[in-house]
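Remarks on the structure that follows.
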Amino acid sequence: MLAETQFFTEGDGEPVAVENAGAAGDVLLVCEHASSQIPKRYGTLGLSEDALSSHIAWDPGALAVSQLMSRQLAAVLIYQRFSRLVYDCNRPPESPAAMRDSSEIFRIPGNEDLSEAERSLRTASLYLPFQGRIRDEIEVRRRQGRRTVLVTIHSFNPVYFGERREVEIGILHDKDSRLADAMLKAAADTRLYRVERNEPYGPEDGVTHTLELHATADGLLNVMIEVRNDLISDETGQGVVADFLTGLLREALEAI
Ligand SMILES: [Zn+2]
């Protein structure tokens, strides 16, 4: 098997990025689908430029919203610097969705018939360092007697398989719904956005992997936030959504 360091080509950079490291806030922000960058060794994966810049490659706007929230909440932000097309860091290695050979209406030629060695290489190069960095961050805080509130930030496409999605912001949770419940309560009277529980995805779709891995078992407050990407396609929209979500989180955390 190739050494981990050989996976990346000069200019690719590191798989994991950390912003606002050492920030004092309780919230830890995570963005698994922050980037559409493909490691150079994979070229285009056989996809068109349009597909490579579309929502199948990344969550457009999610990183920008996370960065704004990171400053507002004094929160450490950890994000993956490579596309989910190569490895979807919100899925465990054994999941078929970790390295998909199709996404919505697109076939992904570069992901067809992957060998076990190739799957292991991607897992070791992209998934393990990413989830390992989150685990380390939580562990350091635990030793310092600090708490961690785990919040993952995503975006979704307004149209999926030809269907228009009316929900604008989804508040997602798995077994531990404390933070999601408090956020939904705080959002109950808003006229700004249509906010719904476990939409447009839910735990049955396997999307709460990061939450389960780091928070649910240890009793840490956690939530996954999905924002419709047409609302965060420019700086103005990103700012309004970030302000709204920061407000919801603050109100919810005060109420718990
Ligand atoms: Zn996502």
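Things worth noting here:
- Residue that is within 18 Å of the chain's Cα centre (by Cα) and of a type outside the set (Ser, Thr, Tyr), where the choices are Arg107, Arg81, Arg119: Arg81
- Options Leu45, Leu85, Leu77, Leu29; residue that is touching a residue at least 12 places away in the same chain (Cβ under 8 Å), away from the ligand (no atom under 16 Å from the Cβ) and surrounded by 17 or more Cβ atoms within 10 Å (Cβ to Cβ): Leu45
- Any hit, the range 212-219, residues being modelled with pLDDT of 95 or more and of a type in the set (Val, Ile, Thr): no
- Of all residues in the range 185-214 being within 20 Å of the chain's Cα centre (by Cα) and hydrophobic (A, V, I, L, M, F, W, C), the one that is nearest to Asp88 (Cα to Cα): Val207
- Some residue of the range 36-49 being at pLDDT 95 or above, basic (Lys, Arg) and in a helix (DSSP H, G or I): yes
Results for (1) more than 16 Å from Leu245 (Cα to Cα); (2) in a helix (DSSP H, G or I); (3) in contact with a Pro (Cβ under 7 Å, 6 or more places away or on another chain); (4) among the hydrophobic types (A, V, I, L, M, F, W, C), shown as yes or no for each residue.
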{"residue": "Asp174", "(1), (2), (3), (4)": "yes, no, yes, no"}
{"residue": "Ala182", "(1), (2), (3), (4)": "no, yes, no, yes"}
{"residue": "Thr190", "(1), (2), (3), (4)": "no, no, no, no"}
{"residue": "Tyr193", "(1), (2), (3), (4)": "no, no, no, no"}
{"residue": "Glu204", "(1), (2), (3), (4)": "yes, yes, no, no"}
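- Summed over the range 96-105, the residues that are open to solvent by 20 Å² or more (accessible area, probe 1.4 Å) and more than 14 Å from the ligand (Cβ to nearest atom) give a count of 4.
- Just so you know, in the range 206-220 the residues that are open to solvent by less than 20 Å² (accessible area, probe 1.4 Å) and in a helix (DSSP H, G or I) include one that is nearest to the ligand (Cβ to nearest atom), and it is Thr210.
The values are calculated or read from the model by the stated rules, or taken from the named source; none is laboratory data. Not measured: the values here are computed from a predicted model. Positions of Cβ are generated from backbone atoms using ideal geometry, with glycine treated the same way; all protein chains shown enter the neighbour counts. Side chains are part of the model used for accessible areas, which takes the heavy atoms of the whole protein and leaves out ligands, DNA and RNA. Shrake-Rupley method; radii C 1.70, N 1.55, O 1.52, S 1.80 Å.
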